[in-house]
Amino acid sequence: MEFKKCARCGCFFVSSNNVCCNCETKDKQDIYNLNNYIVNSTSTPSIDNLSANTGVSIKNISRFIQNNVISNF
Ligand SMILES: [Zn+2]
């Protein structure tokens, strides 16, 4: 068993994910909101724009982009 540090809240947990189980739910909601916003945009929004319109922090958006969980980005 290996302890990991949650990429979102910083707590330690045991899982194969990058975030703890509490943050997994929040991540899913954020990803849903971001994808929803991107799909409804006429052009690809900037990260600043995405953050301002979805309320998701730039730090989390950058992590989602790295993990390839946001579409068309
Ligand atoms: Zn967490």
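Values in this text are rule-based calculations from the coordinates and carry no lab data. None of the values given here were measured: they were computed from a predicted structure. All Cβ positions, glycine included, derive from the backbone under ideal geometry; neighbour counts span all protein chains shown.
Rounding to the nearest 20 debye, state how big the charge dipole of the chain is about its Cα centre with +1 on each Lys and Arg Cβ and -1 on each Asp and Glu Cβ. Display every interim value, and only then the final one.
Values: 7 positive and 5 negative charges, 31 e Å.
The dipole of the chain has a size of about 140 debye.
How far, in nm, would the chain grow between SER57 and LYS28 when pulled straight, counting 0.36 nm per residue and subtracting the alpha carbon separation?
Once the chain is fully extended between SER57 and LYS28, it gains 9.0 nm.
Would you compute, from DSSP H runs of 4+ residues alone, the mean residue ellipticity of the chain at 222 nm, taking -39500 (n - 2.57) per run and dividing by the full residue count, rounded to the nearest 500?
My calculation for the chain gives -15500 deg cm²/dmol from helical runs alone.
What is the fewest-to-most order of PHE12, PHE64 by other Cβ atoms lying within 10 Å of their Cβ?
Values: PHE12 9, PHE64 18.
The order, fewest Cβ neighbours first, is PHE12, PHE64.
As an exercise, use a Förster radius of 35 Å and the Cβ-Cβ distance of ASN49 and SER15 to find the FRET efficiency, rounded to the nearest 0.05.
0.65
Mind grabbing the base-10 log of I(q)/I(0) for the chain at q = 0.18, 0.23 Å⁻¹? Debye formula, identical points on the C-alpha positions, no solvent, two decimal places.
-0.68, -0.99
Could you work out the relative contact order of the chain, using alpha carbon pairs under 8 angstrom and six or more residues apart, expressed as a whole percent?
It rounds to 22 percent for the chain.
Under 19 Å from a label point 7 Å along Cα→Cβ of LYS4: give me every residue in the range 23-44 with its amide N that close.
23-32
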